[in-house]
Structure formats: structure tokens, C-alpha cells
1. Which residues, counting only those in the stretch 148-173, are touching a residue at least 12 places away in the same chain (Cβ under 8 Å) and part of a helix (DSSP H, G or I)?
2. Quick one: in the stretch 174-186, which of the residues that are open to solvent by 20 Å² or more (accessible area, probe 1.4 Å), in contact (Cβ under 8 Å) with a residue 24 or more places away in the chain and assigned to a strand (DSSP E or B) is nearest to residue 105 (Cα to Cα)?
3. Every residue in the stretch 157-195 that is more than 19 Å from the chain's Cα centre (by Cα), of a type in the set (Gly, Ala, Ser) and at pLDDT 95 or above, please.
4. Pull up the stretch 135-147, narrow it to residues that are part of a strand (DSSP E or B) and open to solvent by 10 Å² or more (accessible area, probe 1.4 Å), then point me to the one that is farthest from residue 167 (Cα to Cα).
5. If you go through the stretch 95-117, how many residues are assigned to a loop (DSSP other than H, G, I, E, B) and at pLDDT 95 or above?
6. For the condition among the aliphatic types (A, V, I, L, M), closer than 25 Å to residue 69 by Cα, touching a strand residue (DSSP E or B) at 6+ places or on another chain (Cβ under 8 Å) and open to solvent by 20 Å² or more (accessible area, probe 1.4 Å), what is the one hit in 123, 86?
7. Here are some residues: 170, 132, 156, 160. Which one is of a type outside the set (Gly, Ala, Ser) and surrounded by 19 or more Cβ atoms within 10 Å (Cβ to Cβ)?
8. Could you list all residues from the stretch 26-40 that are in contact (Cβ under 8 Å) with a residue 40 or more places away in the chain and open to solvent by less than 40 Å² (accessible area, probe 1.4 Å)?
Amino acid sequence: MADAHEQYPAYPYRELTGHGLRLRPWNAASDADVRAWLHGLSDPEFQRWNTPLTAVRDIDAARESLRTRAESAVDGTAASFCVTDAVSGEILGHIGVNEIDHVMSCARVGYWVLPEARGRGVATRALATTARFAFTDLGLHRLELGHVLGHDVSCRVAERCGFRYEGTLRGAMFEAGRQDAFRDVHLHARLATDAEPEPWPDPEQGSQPDPEPQSEPT
């Protein structure tokens, strides 16, 4: 039996490709990456569903936030990816595998999509690609996804990618813009042993995907 405390390969994580996307590590030294990170975290739709522990309101804070993400990658506790179009390289959003626990073989996934990239199935495609990475490269057994109660679009994205609804966590996430009040969260999860989900319609072939959800509580 493998030692539960064994150190899994961490940083630098390889680039991921799939479903028309390229997922690469964020680069705190890149002005374009820093601007995109700030843009995503400043978006009113992101702020409607999330209240980060540390607010990011300017370029300097955005760069420091990305540096912190890189440090988490080095110590193996998180993997953060800039979601881009596989052909054009356009930055579309973010997805991360957070709170990686190699002892319990589990982690939590969170994501957001830039306003101009919504309606293209980015979250669904990125989540499917990242889940495969979490179960293969990271060797995880369980991957969790939580979103605010009432965020029905996130429910549909989770279910499309094989993340089953497991229940409602009471008072498990901050209210929008506050850290002194709480709201309920839907918990979804997928196991490495679960069957692969059925393929969804290809957004490039004329389907009409849901508006992109925002689910990045960390």
C-alpha cells in the first residue's frame, strides 16, 4: 500500500489541453495575466457569488494574489490554471484545484469565466479537463465542488461533469461582500471510481450553453 504521506509531483504542473482549451499556470510576471486576474475578480457577477478571504482591488494586489497561488503550487496544496483558447491563446478564465489533501486524497475545485468569454461552455470544458488531471496526475480519490444555494447554473455544470449533488451545507460560505454573515452551499463531488459522464453538446457546433457560473470561494 502506498504511503498516504508520499509527496506527489507538484510544481510546475504541466499544461492541460482538452475540449478546445489550453490550461496553463498563471504567471505573476505577466502584465496580461495580472490584468486578466484583476478583471475576473472585479467582475460584479463573480462578486455576487463569492467573497474571497483577501480582497483584490488593484494591480499590485492582483500580482501578489498570483504569487500566493504560485507558492501554493510549490508546496503541493493547490494547482491554479489560466484557461485559454487552445488556438488563439485568448484568456477565458480560471480554474483551480484547491485545498489539496494528499493524506485523505481529496481537494476542492473552483472556477470563474471572464464576462466576454461567457456563453461558450468554458466552465464545463475546463472542469472536465481539470477533473481528469486531478484524478490522474494528482492521484486524488475525491474532488468536491461547492456553490451558493440558488446558483442553478453551477448545479448544471457540475452534473454535466459527473459531480453528483450530495447535500446542502448550512452557513458554509460568506454572504456577498461580507465576512460577518453566511449563506448555504450546495455540495457536489466526483470520485475517481465514478463512471465517466455522458458527453455534452459541443458549443462550437451550434448548441446554446448556459451562462457561465462563478464558483471560486477561496
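The values are calculated or read from the model by the stated rules, or taken from the named source; none is laboratory data. Quick caveat, the model's predicted, so the values are computed rather than measured. No Cβ is skipped: glycine too gets one built from the backbone with ideal geometry, and neighbour counts run over all protein chains shown. Each accessible area value is taken on the protein alone, full model and side chains, heavy atoms only, with ligands, DNA and RNA left out. Shrake-Rupley method; radii C 1.70, N 1.55, O 1.52, S 1.80 Å.
1. Kept after step one, since they are touching a residue at least 12 places away in the same chain (Cβ under 8 Å), are these residues of the stretch 148-173: 148-149, 151, 153-173.
Once the filter is applied, which keeps residues that are touching a residue at least 12 places away in the same chain (Cβ under 8 Å) and part of a helix (DSSP H, G or I), the stretch 148-173 yields 153, 154, 155, 156, 157, 158, 159, 160.
2. Only one residue fits best here, namely 186.
3. Hits for the stretch 157-195 are 167, 171.
4. 142
5. Going through the stretch 95-117, the residues assigned to a loop (DSSP other than H, G, I, E, B) turn out to be 102-105, 114.
If we keep only those that are at pLDDT 95 or above too, we end up with 104-105, 114.
Within the stretch 95-117, residues that are assigned to a loop (DSSP other than H, G, I, E, B) and at pLDDT 95 or above number 3.
6. 86 is the lone residue from the list that is among the aliphatic types (A, V, I, L, M), closer than 25 Å to residue 69 by Cα, touching a strand residue (DSSP E or B) at 6+ places or on another chain (Cβ under 8 Å) and open to solvent by 20 Å² or more (accessible area, probe 1.4 Å).
7. Numbers: 170 fails: surrounded by 19 or more Cβ atoms within 10 Å (Cβ to Cβ); 132 fails: surrounded by 19 or more Cβ atoms within 10 Å (Cβ to Cβ); 156 fails: surrounded by 19 or more Cβ atoms within 10 Å (Cβ to Cβ).
Among 170, 132, 156, 160, only 160 is of a type outside the set (Gly, Ala, Ser) and surrounded by 19 or more Cβ atoms within 10 Å (Cβ to Cβ).
8. Once the filter is applied, which keeps residues that are in contact (Cβ under 8 Å) with a residue 40 or more places away in the chain and open to solvent by less than 40 Å² (accessible area, probe 1.4 Å), the stretch 26-40 yields 26, 28, 33, 36, 37, 40.
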